[in-house]
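The values are calculated or read from the model by the stated rules, or taken from the named source; none is laboratory data. What you are looking at is a predicted structure, and each value in this text was computed from that prediction instead of being measured. Glycine also receives a Cβ, built like all others from the backbone with ideal geometry; neighbour counts cover every protein chain displayed.
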Amino acid sequence: MTNNINWTEIRKDFPVLDNKVDGKQIYYLDNGASSQMPIQAIDRISNYLKYEHSNIHRGVHTLSQNATDSFEATRTLVKQHLNAATTDECIFTRGATEGINLVAFGYGDKFIKEGDEIIVSGMEHHSNIVPWQLLCKRVGASLKVVPMLDDGTLDFEAYQKLLNKKTKLVAIIHVSNALGTINPIKKFIDAAHSVNAVTVVDGCQAMAHMKIDVQDLDVDFYAISAHKTYGPTGLGVLYGKAELLNKMNPFLGGGDMIKSVTFEETLLADIPHKFEAGTPPILNVIGFGETLRYINKLGLENMAAREKELLIYATDRIEKMEGVNIIGPDVSQKTAIISMTVDGVHPHDIGTILDSRGVAIRTGHHCAQPIMNRFEIPATARASMAFYNMEFEIDMLVEALQEVQEIFS
Amino acid sequence: MTNNINWTEIRKDFPVLDNKVDGKQIYYLDNGASSQMPIQAIDRISNYLKYEHSNIHRGVHTLSQNATDSFEATRTLVKQHLNAATTDECIFTRGATEGINLVAFGYGDKFIKEGDEIIVSGMEHHSNIVPWQLLCKRVGASLKVVPMLDDGTLDFEAYQKLLNKKTKLVAIIHVSNALGTINPIKKFIDAAHSVNAVTVVDGCQAMAHMKIDVQDLDVDFYAISAHKTYGPTGLGVLYGKAELLNKMNPFLGGGDMIKSVTFEETLLADIPHKFEAGTPPILNVIGFGETLRYINKLGLENMAAREKELLIYATDRIEKMEGVNIIGPDVSQKTAIISMTVDGVHPHDIGTILDSRGVAIRTGHHCAQPIMNRFEIPATARASMAFYNMEFEIDMLVEALQEVQEIFS
Amino acid sequence: MSDMRVLYQEVILEHNKKPRNFGKLEPCTHHAHGHNPLCGDTYTIYAVVNEDTIQSIMFEGDGCAISKASASMMTSRAKGKKVKDVEELIEAFREMMTVEADRTDGPALELSPENEKNMRHLQVFEGVAKLPSRIKCAILPWHALSSALKGESESSTEGDNDEWETI
Amino acid sequence: MSDMRVLYQEVILEHNKKPRNFGKLEPCTHHAHGHNPLCGDTYTIYAVVNEDTIQSIMFEGDGCAISKASASMMTSRAKGKKVKDVEELIEAFREMMTVEADRTDGPALELSPENEKNMRHLQVFEGVAKLPSRIKCAILPWHALSSALKGESESSTEGDNDEWETI
Ligand SMILES: Cc1ncc(COP(=O)(O)O)c(C=O)c1O
Ligand SMILES: Cc1ncc(COP(=O)(O)O)c(C=O)c1O
Ligand code: FES
Ligand code: FES
């Protein structure tokens, strides 16, 4: 038990975990795809919708003002969680995907030109590859790729060689969703800055598991999705340095992102509103605020320590299984993700058999096909754990993996 | 009572309506800004989050498959509501604003060129103006504006004169959020097609109040927001003809909008997924499905009839007030929106005084500044009614307006 | 007295109806345009400053009763005053308007006796400070005056980003 | 027999381990590439058609046990058969796989005695029809064969959009 926290009690805040689905007990080890929300945040959404809903901003009436206050309170919590300098630097998006695309359109189309180079890593999620491919096509820039090493980490030396004065932007993942690898992004950011490239970090898999300090990292843009941090789907945050956000092109046009509109001249609003056109996902933002309060109360460091315990336990058990191979670095360099292959069995067959035992893991390329190509595998079976998981769930995972091996023996 | 429906009973499905906020009874007449969700949809979201949440698509496990099924069931309901030819033509967005921007980027940047013309109406919401201003700036096209007549309708003759072979796109609002005007969009669409222009209709204020049939309208793109149709914030639908969607540029890049990714070549997914990059707002989509079921059960035509009753009642009462002016067409040509000015009183002062009596209306330019400029007013006070409103709420509105006049007498 | 009567004091309603110093002042040495993004209302403040004194001051624009009365009373108070005294008054007015937000932020400003008196007159706006949605209305003209005195030409009740981007 | 044993019948596991007709067939008269977007797996089917008969047929690609066994058994059944009989078999197989979805859609296909027999062999895939997430695995090679016979070169288990757009 980490820090005397009673994890069995904590687990009760997540009703789905001990729920039966179609009469079958679920063992939820798919947190990397989407994590579960604490009941406090679920109830907050429900109460908001029952008693407090109204559109926000510009409303003179009490309901609207209260909703605006609850909405903006989340922005303050987000600012604290990321240690942004101001709330203006925290833009609400639909998710990390929109956040990264916002940078590609708002920053990329304005500042990246023909012949420029964009560096991405070979470990990226598709959402940190495709927007840059599309941008390159629009503006005539080219994409360079930082290779991965056999141990599932990035080749920093190769990265340094790729950097040059044509490099205008470096897009890199903080924690790999496919392997769990924690990249030393501060080093990558510093090196990018040495050639004056801006940096875009995909922090989707990081925020739930470690303290993020955007000022300390000196990162230019940092994108997350709430649903990977015990919050709701439909919401993300893009952190951007105010100085950059101010000089970027706007992205979506519409209400709230303007000061005034006439057909002759339209004045843009200041950040963050400049990038928040239209009615935002109010209920999701308010729900996420409650999630962040929950995390603050439980303590991110306690959650991380518990996840490390689970990772070590699971790694020990799985490493002992012959014919099961873990892809990725050792436990000291990763979050609680175990990505594996089973000799002679396609990962989707693993997934189906595990599912028949109620074990919910993800199989496939995890939207990171370049990693699969790198390791010359079609896919992996990935178990991803959260602080609310328990050893018995890992035991069930192992038992089900044994059944896979028996069936395919 | 319309059709023997007991509206007092129906009203209980919307707890906020009879709720006290800060100890004060609320009279919610701000449905044009955002409508309330029925308790059935709220509970659906809550249950989904408590017992069923998982990321969708690509998941082999039961939880993920069930969530995918619930998610896609909403798409089928949306297809039925809009009478789209296929579900592939119904794209989930964050809201109407994103939907319109998607067309501007995906269609506009590909097919609209320097010297081309885009027509918008003078009655548009900013979200159907600014994306086109931004597009014009990107590609060098120019914007033409259909003027409004004194009665708050569009000048169709002037529109016909604007149409010519340079016209590539016509963007028009179905129902004005500021005035309630129902535009005869079928006529506008036909005329646009006669010069081969594509049409983008902003249906935000229409879907909750009338049957939409995109095939009958023969509209090319139709955008809505769920939160204006008794659904959640953070969700919209863009309907687009498959033929057009297929040939458009993709918009946001990321997971799910691709068939496969390599650094050399990335294959795009088929519609609708081509335009749905990243994890969608799953909980919002599932909640909206329940809203649509609710609407189906109650009957859109019953809801509309009840709204007409309320509109007539309110119009009668307000028309009798000296010094209060209703802007916009008569009740036969509009939805249940009353936009007004009070002689000698700025609309925000009206808003504040009404709020002190618990009457929640919206005051301001309603993100439609060109309308305000047209009528040479800074703003209006807008009461917007839904089927769940009651005559006593309108009485309270009138009483509060009388207080406004007394204070400012 | 009902809440609304506290907010819309007679003085405010009277200034709203008959605003003082309303109109354009040309030529002038300072002027600034103030914008309230919450409603879209704008005011322009014009001033002639000479020997550190605001010799004359006028305002133009349209907005709610609160903002108009605020502009009217502000210009009445500022006319003929030393710039530094007016700056102190601006500070004091802003403090009154944000007092709800950060009451714990330390002691109130030490005002000159003159400004103590001015502030007693401006007390009629205290009711506004309790209505977050209207605070910006009251502050709007003061912001604009403050910008004008600093030699800036645009101001907004939101933040200090001076460059206004257009499409 | 556990659920999983019903799904992963011995025959399936055996075909997965030792797929028949595996490899490239060149030259050939027909070939098509089939893609399952749910997992990214792809197969290519090659066939030599002559006098309305599939003289030879092979497949290449990688995927799960279900898809591989399906491709292996399909090619075994199709080899040496009349094109129209194979088309009937494709139809029957698809029907078996979607039977859960629209059982009420009318009577089952009337099959030739030959295909009746074929279908009895292919019954081992019935378990798959109960697992929506895996149906596409079983159908994938059949889709590709169907496309190949139609003279198309690409197919997908999702929809019929043949042009594959690239970035
Ligand atoms: C007519 C109209 N169009 C567009 C919008 C924009 O919708 P959203 O803010 O939900 O994107 C609104 C709502 O504000 C509207 O009323
Ligand atoms: C590392 C990483 N980046 C980006 C994403 C995309 O996030 P979303 O789908 O929420 O936009 C994900 C999740 O799928 C992820 O794990
Ligand atoms: S409402 Fe615009 S300044 Fe008061
Ligand atoms: S999992 Fe790819 S075809 Fe079966």
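Tell me the residue from B:ILE286, B:ILE282, B:ILE258, B:ILE182 that is within 30 Å of B:ASP330 (Cα to Cα) and in the same structural domain as B:ASN55 (by TED's automatic domain parsing), please. Matching residue, one of B:ILE286, B:ILE282, B:ILE258, B:ILE182: B:ILE182. Of A:VAL237, A:VAL219, all but one fail to be more than 16 Å from ligand 3 (Cβ to nearest atom), away from chain B (no Cβ under 13 Å) and in contact with a Cys (Cβ under 6 Å, 6 or more places away or on another chain); the exception is A:VAL237.
Restricting attention to the stretch A:131-143, the residues that are in a strand (DSSP E or B) and more than 9 Å from every other protein chain (Cβ to nearest Cβ) add up to 1.
For the subset of the stretch B:144-175 comprising residues that are within 16 Å of ligand 1 (Cβ to nearest atom) and within 14 Å of another protein chain (Cβ to nearest Cβ), which member is nearest to B:ILE224 (Cα to Cα)? Restricting to residues being within 16 Å of ligand 1 (Cβ to nearest atom) and within 14 Å of another protein chain (Cβ to nearest Cβ), the top hit is B:ILE173. Could you grab me the full set of residues in the stretch B:93-151 that are β-branched (Val, Ile, Thr) and either within 16 Å of ligand 4 (Cβ to nearest atom) or in contact (Cβ under 8 Å) with a residue 24 or more places away in the chain (or both)? Hits for the stretch B:93-151 are B:THR93, B:THR97, B:ILE100, B:VAL103, B:ILE112, B:ILE118, B:ILE119, B:VAL120, B:ILE129, B:VAL139, B:VAL145, B:VAL146. Give the stretch A:110-130 a look and list any residue that's more than 12 Å from ligand 2 (Cβ to nearest atom) and either polar (S, T, N, Q) or in a helix (DSSP H, G or I) (or both), or say none. Listed by number, the residues that qualify are A:LYS110, A:PHE111.
Scanning the stretch B:160-170 for residues that are outside any loop (DSSP other than H, G, I, E, B) and within 24 Å of B:ASN101 (Cβ to Cβ), which turns out farthest from ligand 4 (Cβ to nearest atom)?
Out of the qualifying residues, it is B:LEU162.
Against the criterion of being closer than 24 Å to B:ASN249 by Cβ, in contact with a Leu (Cβ under 8 Å, 6 or more places away or on another chain) and not basic (Lys, Arg), B:GLY115 does not qualify.
Residues being more than 16 Å from ligand 4 (Cβ to nearest atom), more than 10 Å from chain A (Cβ to nearest Cβ), touching a residue at least 40 places away in the same chain (Cβ under 8 Å) and charged (D, E, K, R) are represented in the stretch B:308-323 by at least one member.
Filter the stretch B:36-70 for residues that are within 22 Å of the chain's Cα centre (by Cα) and at the interface with chain A (Cβ under 9 Å from one of its Cβ atoms) and give the result. Before you say what the answer is, go through the steps one by one.
Going residue by residue through the stretch B:36-70, those that are within 22 Å of the chain's Cα centre (by Cα) are B:36-42, B:45.
Passing the criteria: B:GLN36, B:MET37, B:ILE39, B:ALA41, B:ILE42, B:ILE45.
Is there any pair linking a residue in the stretch C:136-163 that is on the phi > 0 side of the Ramachandran plot and more than 15 Å from ligand 3 (Cβ to nearest atom) to one that is assigned to a loop (DSSP other than H, G, I, E, B) and at pLDDT 90 or above, with Cβ under 6 Å and at least six apart or on different chains, and which? Listed by first residue and then by second, the contacts come to C:GLY159/A:ASP270. Output yes when any residue across the stretch C:103-125 is at pLDDT 90 or above and within 13 Å of ligand 3 (Cβ to nearest atom), and no when none is. Yes, because at least one residue in the stretch C:103-125 is at pLDDT 90 or above and within 13 Å of ligand 3 (Cβ to nearest atom). Taken together, B:ASP30, B:ASP88 contain a single residue that is within 22 Å of the chain's Cα centre (by Cα) and away from chain A (no Cβ under 14 Å), which is B:ASP88. Reported count of residues in the stretch A:46-80, each being of a type in the set (A, V, I, L, M) and either without any contact (Cβ under 8 Å) to a residue 24 or more places away in the chain or in the same structural domain as A:LYS12 (by TED's automatic domain parsing) (or both), is 2. For residues that are modelled with pLDDT of 95 or more and within 13 Å of another protein chain (Cβ to nearest Cβ), scanning just the stretch C:18-42, find the one that is nearest to A:LEU268 (Cα to Cα). So the residue we want is C:PRO19.
What's the total number of residues in the stretch A:109-127 that are of a type outside the set (Phe, Trp, Tyr) and more than 24 Å from A:ILE326 (Cβ to Cβ)? Quick ask: steps written out before the conclusion?
Let us first name the residues in the stretch A:109-127 that are of a type outside the set (Phe, Trp, Tyr), namely A:109-110, A:112-127.
Then drop every residue that is not more than 24 Å from A:ILE326 (Cβ to Cβ), which leaves A:109-110, A:112-120, A:127.
Of the residues in the stretch A:109-127, 12 are of a type outside the set (Phe, Trp, Tyr) and more than 24 Å from A:ILE326 (Cβ to Cβ).
Quick check on the stretch A:157-172. Is at least one of its residues under 23 Å from A:GLY32 (Cβ atoms) and of a type in the set (Phe, Trp, Tyr)?
At the first step, the residues of the stretch A:157-172 found to be under 23 Å from A:GLY32 (Cβ atoms) are A:171-172.
The next check asks that each one be of a type in the set (Phe, Trp, Tyr); those that pass are none.
No, every residue in the stretch A:157-172 fails to be under 23 Å from A:GLY32 (Cβ atoms) and of a type in the set (Phe, Trp, Tyr).
Output the number of the condition that B:CYS204 fails; it satisfies all remaining conditions of (1) touching a residue at least 60 places away in the same chain (Cβ under 8 Å); (2) of a type in the set (A, V, I, L, M, F, W, C); (3) within 18 Å of B:ILE337 (Cβ to Cβ); (4) more than 11 Å from ligand 1 (Cβ to nearest atom). Answer for B:CYS204: the failing condition is (4).
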